[in-house]
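Colleague: My questions all concern the structure below.
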Amino acid sequence: FGAGVTLVTAVQQLPGGNAAGLDHFIYGKTASMTTSDAMVIFGASLAVAVMCVAFFKEFALLCFDEGFAGAAGWPVRLLDVVLMTLVVVVTVVGLQAVGLLLVVALLVIPPAAARFWSDRLGVMAVAAAGLGLLSAALGVAASALFPRLPAGAVIVLCAAMFFAISMIFGARRGVLVRSYDERQGMVRLRREHLLRAIYECAEELSSPEQAVSVSQLLAKRPWKRNALTREIERAAEAGLATAAADGGGVQLTGRGVAEARRLVRNHRLWELYLLHHAEVAPARIDRDADLIEHVLDPKIVDELEALLDSGRRETFVPGNPEKLPT
């Protein structure tokens, strides 16, 4: 593109040379569009929209799993040709408004911005169309208010503004939402590690309801004392544990025992699976199970129980595989 712009500039500086209207194809000519141009764009856009709605399911399958679409008997090559034809039509009619360079940006930016708001393809398609519409309307309005601003570039800048807003505030993948989710996830992870450690330490003594000392917990996981004390306080605030008045011990409440039992049960079920079916070395099963135990849903737990023939009792907690005889 840079070489082409340089060549156009060089040609224009030659005696009798001109760009033959190439600038209009590169940067667009929104300000000089006529009614007939607008009607052509409207008609082509409407036809493309109707085709996208009519073949939405087929296009979605083609884009996400072309191999499966072919195996299911769909005419993959024909669908691909139709989809690319629609892209070309949009690109050609967009040349009138924003030019070739900027129409590519308009093909990319609105869908990328819509991705931050939803995981559903239909919602993303509607959101992308809406963002494109708003970008065009604001860009044309800004260009009309400030005559020196080229409409095509301003339209893309408006789209970029919506992308930045979506990237920060998007309800599904925005920076703020992801930061909040990651922070909450770390809080939950630390709490679950604490509950499991208390349960296992108390289990070694006599009963899950037994109080355990901070020194026992420090030996269980690589915590720092101050960090462990804060986690104990948070667990107490959540009603999952009670701390001794002198700060020297902690005991699980009824709710805490139930939650800790679930966590330990999931952890040990996964350890048993790794030990007996994945052939993972016993020295590694605790670390590997620690990575997955926090995301095991009830369905996977039921499958593990069925596979390990350990029953489906909710209160059942397998023995610690790390301490079983080889």
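Colleague: I'd like the full set of residues that are modelled with pLDDT of 85 or more, open to solvent by 50 Å² or more (accessible area, probe 1.4 Å) and outside any helix (DSSP H, G or I), limited to segment 226-258.
Modeller: Within segment 226-258, Thr242, Gln251 meet the criteria.
Colleague: Filter segment 91-105 for residues that are of a type outside the set (Gly, Ala, Ser), part of a helix (DSSP H, G or I) and open to solvent by less than 50 Å² (accessible area, probe 1.4 Å) and give the result.
Modeller: Hits for segment 91-105 are Thr91, Val93, Leu102, Val103.
Colleague: Let me ask something additional. Please verify whether Thr85 is within 29 Å of Arg172 (Cβ to Cβ), hydroxyl-bearing (Ser, Thr, Tyr) and either in contact (Cβ under 8 Å) with a residue 24 or more places away in the chain or assigned to a helix (DSSP H, G or I) (or both), treating the condition exactly as stated.
Modeller: No: the conditions fail for Thr85.
Colleague: On the basis of being in a loop (DSSP other than H, G, I, E, B), open to solvent by 40 Å² or more (accessible area, probe 1.4 Å), farther than 23 Å from Met39 by Cα and acidic (Asp, Glu), does Asp80 make the cut?
Modeller: no
Colleague: Shifting gears a bit: Gly21 - would you say it is at pLDDT below 70 and open to solvent by less than 70 Å² (accessible area, probe 1.4 Å)?
Modeller: When the stated conditions are applied, Gly21 passes them.
Colleague: Give all pairs with beta carbons closer than 6 Å in which a residue from segment 95-108 that is within 16 Å of Gly139 (Cβ to Cβ) meets a residue that is at pLDDT below 75 and open to solvent by less than 30 Å² (accessible area, probe 1.4 Å); count only pairs at least 6 apart in sequence or on separate chains.
Modeller: Ala97/Gly28; Val98/Gly28; Gly99/Gly28
Colleague: Right, another one. Between a residue in segment 244-263 that is more than 16 Å from Glu231 (Cα to Cα) and any residue that is modelled with pLDDT under 85 and of a type in the set (Val, Ile, Thr), which pairs come within a Cβ distance under 8 Å, given they are 6 or more apart or on different chains?
Modeller: Every condition considered, the pairs that remain are Arg261/Thr315; Arg261/Val317.
Listed here are the residues, each with its yes/no results for (1) surrounded by 15 or more Cβ atoms within 10 Å (Cβ to Cβ); (2) more than 22 Å from Leu46 (Cβ to Cβ).
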{"residue": "Phe116", "(1), (2)": "yes, yes"}
{"residue": "Leu131", "(1), (2)": "yes, no"}
{"residue": "Ala144", "(1), (2)": "no, yes"}
{"residue": "Leu149", "(1), (2)": "no, yes"}
{"residue": "Gly152", "(1), (2)": "yes, no"}
{"residue": "Cys158", "(1), (2)": "yes, yes"}
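The values are calculated or read from the model by the stated rules, or taken from the named source; none is laboratory data. Predicted model only: the values in this text are computed from it and were never measured. Counting neighbours? That spans all protein chains shown, and the Cβs are built from the backbone with ideal geometry, glycine included. Ligands, DNA and RNA are stripped out before the accessible areas are found, and what is left, the full protein with its side chains, is counted by its heavy atoms. Shrake-Rupley method; radii C 1.70, N 1.55, O 1.52, S 1.80 Å.
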